[in-house]
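Here's the structure we're looking at; comments come further down.
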Amino acid sequence: MSRREEELEKALLRVSEEIRKVKDFISRNEFYHRRHLRQEVCFPIEVKVLDPQGKTLDEGGALVLNLSPEGFFVTELRLAKQVLPLTAFEVAFLCQADPLRGLAGRFVPVYFSFQQGEVGIGARFTFLGENERTLLAQYLSPEGGKG
């Protein structure tokens, strides 16, 4: 085997080892993939932060910036006590603005975002009633203008 062939073989072994490391990393870490793309929106909601027993810890308002059938991203969170619990919590919400007036349910935070001094929460719905699911599906459908 020539020197050039030996160098190529060593390079291929290094690349192969790097590919194995990436595959191992991916198999050890479960990545979250959204089933639905989120649609850009902008509407206010009323929120109530709830403890695991459903007791209201704080309340206020927020602004929804994007929306999907599975959840949304909220920002401009304005709470009376200005605190979020360090334990598990759920948030009840109600939209009083058109075109989603009456949309109500509950969500849990999936991730927190801190950009330009503003807290944002990526949220997954934990409860939406049948009427709310229908309203949301109609809004996000192509015929509803957002899908």
Once fully extended, how much extra length lies between Val15 and Arg124, figured as 0.36 nm per residue of separation less the alpha-carbon to alpha-carbon distance? 35.4 nm
Sorted by chain and then number, the residues having a modelled amide H within less than 5 Å of the amide H of Gly71, at least 5 places away or on another chain, are Phe125
Among [x] 22.5, 76; [y] 18.3, 64; [z] 15.0, 45, only one was calculated for this model; which label is it, if the read-out is Rg and Dmax of the Cα atoms in Å? [x]
Once you have the Cα-Cα distance between Glu59 and Asn131, take 0.36 nm times their residue separation minus that, and quote the gain in nm to one decimal. 23.5 nm
Mind checking which aspartates and glutamates have their C-alpha under 13 Å from Lys10, skipping anything on the same chain fewer than 8 residues away? Glu18
Restrict the search to the range 57-114; then list the trypsin sites (Lys or Arg not before Pro) that DSSP places in a loop and that have at most 14 other Cβ atoms within 10 Å of their Cβ. Lys81, Arg101
Could you list Asp58, Asp51, Asp98 so that the one with the fewest beta carbons within 10 Å of its beta carbon is first and the one with the most is last? Asp98, Asp51, Asp58
Label-point separation (nm) for Ala97 and Gln116, each offset 7 Å from Cα along Cα-to-Cβ? 1.6
Between exposed chymotrypsin sites (Phe, Trp or Tyr not before Pro) in the chain, where DSSP calls loop and at most 16 other Cβ atoms lie within 10 Å, what's the longest gap? 90-147
Once both labels are modelled 7 Å past Cα along the beta-carbon direction, what's the Glu40-Gln138 spacing in nm? 2.6
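Every read-out reported here was derived from the displayed coordinates using simple, explicitly stated rules and does not represent laboratory data. In this text, all values refer to a predicted model and were calculated from it rather than measured experimentally. Glycine gets a Cβ as well: all are built from the backbone with ideal geometry, and neighbour counts include every protein chain shown.
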